[in-house]
Every structure is written in structure tokens, then in C-alpha cells.
Amino acid sequence: MLALLLFTATAAELPVAPPPHMVDPFAKWEKNIVAIEKRLTATPPKPGAVFFVGSSSIVGWDVKKYFPDAGHVNVGFGGSVIADSTHFAHRILTPHKPGTIVFYAGDNDIGRGNKPEQVVDDFKAFVAVARKDNPSCRVLFIAVKPSIARWKKFEEQKKANALVKAFCEKEKGLVYVDVVPVMLGSDGTPIPELFVKDGLHMTPKGYEVWTAEVKKALR
């Protein structure tokens, strides 16, 4: 009995391991988001402006150059996936009530192994958040681009694009911008001139192609 009491007392005195530290998956973007917020505060967007949202292909898009005097706003942050834009929408989109959102994400999602079904589900979640307090806002989804660096992912990209296109066709105010055909050459592979050395990000020629397609969709 005494031995049992001593064992119980000793066990009670053993230190309890702290719960595992939960890493915030969105914390790495905080500096980017704060910088965007400061920029929006310093130069407030015009009412109903067109906001360019998404990953590095958005970040590299000089909207002032390609859409001169249009007052478009770029709030992209490189390396992001769809869920990142959804998480920060209340800070970089909602307060400004954009008239249209030009959205490019999904590329990194598939690149890291997300399935096409996850891509469309995440896009649906983004649309729901972006339009919650701004239901008349249009959302243009730029198709996940074919690229040299991620050519092995092309079939997965095609599936994701098809699912997103079907969703856009069923919902009012959503537009699927298909940049895939104009980025492929006569041999059916990505046109090298559209990409920088990494085979993923685009040259000015690539942005010219995208700009032409988005201008059509914005009419």
C-alpha cells in the first residue's frame, strides 16, 4: 500500500509536457499584408476599382504600365496559394469594395500537390469571402497557366481549370479567363518567350498576352 502511495505521489509530481506549438500558416505573409495596407492607406483606391489579387504572377504584373490611367490596384503577394488570399481578404479587399477582382492563384496550389478538386473548393471559398459584403463584385479567374517549369503538372492544371470554369459558368458575376491556348505554341507546349529563366514566371511578352485577354474580359 505504501509503495502504491509513493508511486502515485511520484507520478503526480512528473512534469506535464506542454501542448505542441501550433504554427500559424499565414504568419509568414504578415509583412507583405502590412505593406499592402500601408500602400492602400497612402493611395486610397477609387470606388469600384479593379483589384489584382493572388500570387507572384500578380505581383510581377505592372498594372500601371499595362493598364495606364485605369486606376487598377495590385494587392498580390508572391508564393501564396488561394487560401492565403481568402484569409487576408478582410484586410486587403473588403474595406475597399472593389468593383472587379482579377484573380490568379492555384498555380502554387497544384505545384505543392493540391488536387484539382481542392483548387475549385478553395476558389469557391475565396469568392464567398470576397463577395460576402460586396455581392455585386465581379471575379475574373485567370486559368492556371501552362509553364515550362511545371509542365509535368499540366494535366492536373487542366482538370483544375475545367472545374473552375464550370463553377464560373454557373455563377453570375464570375468570369473564367482562358489564357492557356495563347500560351501554347503550335507544338502544344509552352511558348519559351513568355517565360523568364526559371520557366515559371513571365516576361513582359507573357504579361502582354495576359493583359490582352483580361482587357477583353473587363469590357
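The values are calculated or read from the model by the stated rules, or taken from the named source; none is laboratory data. Nothing here was measured: the structure is a model prediction, and the numbers come from that model. Positions of Cβ are backbone-derived with ideal geometry, glycine not excepted, and every protein chain shown enters the neighbour counts.
Can you pull out the residues in segment 37-65 that are farther than 24 Å from residue 109 by Cβ and assigned to a helix (DSSP H, G or I)? Don't jump to the end; show me each part of the working.
Just the residues of segment 37-65 that are farther than 24 Å from residue 109 by Cβ, to begin with: 37-49, 62, 64-65.
Within segment 37-65, 37, 38, 39, 40, 41, 42, 64, 65 meet the criteria.
Mind checking whether some residue in segment 66-87 is assigned to a helix (DSSP H, G or I), in contact with a Ser or Thr (Cβ under 9 Å, 6 or more places away or on another chain) and surrounded by fewer than 19 Cβ atoms within 10 Å (Cβ to Cβ)? Yes.
Every residue in segment 123-146 that is charged (D, E, K, R) and either at pLDDT below 95 or crowded, with 20+ Cβ neighbours inside 10 Å (or both), please. Step through it out loud before you land on a result.
As a first pass, look at segment 123-146 and keep what is charged (D, E, K, R): 124, 131-133, 138, 145.
Correct list: 131, 133, 145.
With respect to residue 149, is the statement that it is at pLDDT 95 or above, exposed (fewer than 13 other Cβ atoms within 10 Å of the Cβ) and among the aliphatic types (A, V, I, L, M) true? Lay out the reasoning, then the answer.
On the way: at pLDDT 95 or above: yes; exposed (fewer than 13 other Cβ atoms within 10 Å of the Cβ): no; among the aliphatic types (A, V, I, L, M): yes.
Against the criterion (at pLDDT 95 or above, exposed (fewer than 13 other Cβ atoms within 10 Å of the Cβ) and among the aliphatic types (A, V, I, L, M)), residue 149 does not qualify.
Among residues of segment 127-145 that are under 12 Å from residue 86 (Cβ atoms), those with a Cβ under 9 angstrom from a residue that is assigned to a loop (DSSP other than H, G, I, E, B) and of a type in the set (A, V, I, L, M), sequence gap 6+ or separate chain, pair up as 129/93; 130/93.
Can you tell me which of 78, 113 is in contact (Cβ under 8 Å) with a residue 12 or more places away in the chain, within 18 Å of residue 150 (Cβ to Cβ) and of a type outside the set (S, T, N, Q)? First the steps, then the outcome.
Details: 113 fails: in contact (Cβ under 8 Å) with a residue 12 or more places away in the chain.
Matching residue, one of 78, 113: 78.
For segment 46-63, a residue qualifies if it is in contact with a His (Cβ under 8 Å, 6 or more places away or on another chain) and farther than 19 Å from residue 126 by Cβ, and the qualifying residues are 60, 63.
For segment 179-215, how many residues meet the condition of being of a type in the set (Val, Ile, Thr) and either without any contact (Cβ under 8 Å) to a residue 12 or more places away in the chain or not in a helix (DSSP H, G or I) (or both)? Write out each step before concluding.
Kept after step one, since they are of a type in the set (Val, Ile, Thr), are these residues of segment 179-215: 179-180, 182, 189, 191, 196, 203, 209, 211, 214.
Keeping just the survivors that are either without any contact (Cβ under 8 Å) to a residue 12 or more places away in the chain or not in a helix (DSSP H, G or I) (or both) gives 179-180, 189, 191, 196, 203.
Number of matching residues: 6.
Residue check: residue 34 meets all listed conditions (1) assigned to a loop (DSSP other than H, G, I, E, B); (2) surrounded by fewer than 12 Cβ atoms within 10 Å (Cβ to Cβ) but one, namely (1). Among the residues of segment 94-146, just one is acidic (Asp, Glu) and not in a helix (DSSP H, G or I), namely 133.
Has segment 94-104 got any residue that is closer than 22 Å to residue 158 by Cβ and of a type in the set (Phe, Trp, Tyr)? Taking every residue of segment 94-104 in turn, at least one turns out to be closer than 22 Å to residue 158 by Cβ and of a type in the set (Phe, Trp, Tyr). Screening 189, 94, 203, 100 for residues that are more than 22 Å from residue 80 (Cβ to Cβ) and at pLDDT 95 or above leaves exactly one candidate, 189.
Whenever a residue of segment 149-178 is more than 18 Å from residue 190 (Cα to Cα) and of a type in the set (Asp, Glu), its partners that are modelled with pLDDT of 95 or more and not in a helix (DSSP H, G or I), lying with C-beta atoms within less than 8 angstrom and at least six residues away or across chains, give the pairs 169/176.
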